[in-house]
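Engineer: I'd like to ask some things about the structure below.
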Amino acid sequence: MNLLPILVVSALLLALRVSGSTLEARTCGVPSDAVPFYRSFSSSRQDYWYSPDGTAVSTAIRAGYELQEVIGLIFLTQEEGTAPLYHLVDATHQLYTMNITEVAVQEQHGWSGSNLNPPTLYIYPDQVCGSIPMYRLFSAATEGYFYTTSSAERLEFIQNEGYADVGITGYILPLGCS
Ligand SMILES: *[C@@H]1O[C@H](CO)[C@@H](O)[C@H](O)[C@H]1NC(C)=O
């Protein structure tokens with residue numbers, strides 16, 4: 001009796017089962033791939049600027065920005081469950097959004113995309129995989145946006161700094177999550 005066809009079929013079934021369970025388990029990005037998302041601030045431009053790029057942060061510091069903190073961890077390539085975080089710039093300010101329709105609308109208003117093609121920042125669109133909200137605020141006075149993962153800081157900026165709540169941009173990993 002030739003056992004070979006039976007062996008081949010069982011090997012195939014085993015492979016299918018293994019890849020099936022692998023797919024189910026991989027609905028989150030790999031936390032150790034996530035990198036710090038630095039927040040820097042220029043008081044002369046009243047500009048909050050966020051970047052995972054340490055070299056760019058050093059350049060910004062030499063140009064007068066002050067490194068404030070790491071607001072959380074983000075991905076540089078698209079991982080399981082994540083989607084692009086688009087970065088737009090105008091003359092003095094930064095805008096981060098996951099909403100591609102907003103990108104198109106803001107481009108009509110003088111903003112231009114710095115990482116649209118290809119995207120270079122990825123975060124979760126939903127609160128999954130241990131992620132936390134990245135809140136977005138807007139100052140009518142400076143016309144600048146402010147992003148934070150701290151609900152205390154969010155309240156402080158709304159109550160004392162004249163910022164308005166613009167909702168949640170997306171979800172990033174908290175510091176120390178790896
Ligand atoms: C995306 O942006 C557009 C344009 O600003 C807006 O009308 C729409 O409500 C936004 N969608 C979501 C899900 O926020």
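Engineer: Could you quote the convex hull projected area for the stretch 43-172, Cα atoms only and averaged over all directions, in nm²?
Structural biologist: Numbers: hull surface 32.2 nm².
Computed as one quarter of the Cα hull surface, the answer is 8.0 nm².
Engineer: To make sure I understand, if each residue's beta carbon is the centre and we count other beta carbons within 10 Å, what order do ARG62, ARG45 fall in, fewest to most?
Structural biologist: Details: ARG62 8, ARG45 16.
In order of increasing Cβ crowding within 10 Å: ARG62, ARG45.
Engineer: Turning to a different aspect of this structure: Check GLY170: other-chain or 5+ apart residues with amide H under 5 Å from its amide H, H built from backbone geometry?
Structural biologist: MET134
Engineer: In what sequence do ASP126, ASP47, ASP33 fall when counting other Cβ within 10 Å, fewest first? Spell out each step's value before the answer.
Structural biologist: On the way: ASP126 10, ASP47 21, ASP33 14.
Placing the least packed residue first, the sequence is ASP126, ASP33, ASP47.
Engineer: Could you list the GluC sites (Glu not before Pro) in the stretch 104-156 that lie in coil according to DSSP, counting only those with at most 16 other Cβ atoms within 10 Å of their Cβ? Before the final figure, lay out the partial values.
Structural biologist: Numbers: sites: GLU107, GLU143, GLU153, GLU156; in loops: GLU143.
Filter output for the stretch 104-156: GLU143.
Engineer: Follow-up question, since we're still on this one. Rank these for me by crowding, SER131, SER112, SER40, going from fewest to most other beta carbons within 10 Å. It would help to have the intermediate numbers written out before the result.
Structural biologist: Numbers: SER131 27, SER112 12, SER40 21.
The fewest-first ordering by Cβ neighbours comes to SER112, SER40, SER131.
We did not get these values from a lab; they are worked out from the coordinates using the rules stated. Here the structure is a predicted model, which is why all the values come from computation and not from measurement. We place every Cβ from the backbone using ideal geometry, glycine too, and count neighbours over all the protein chains shown.
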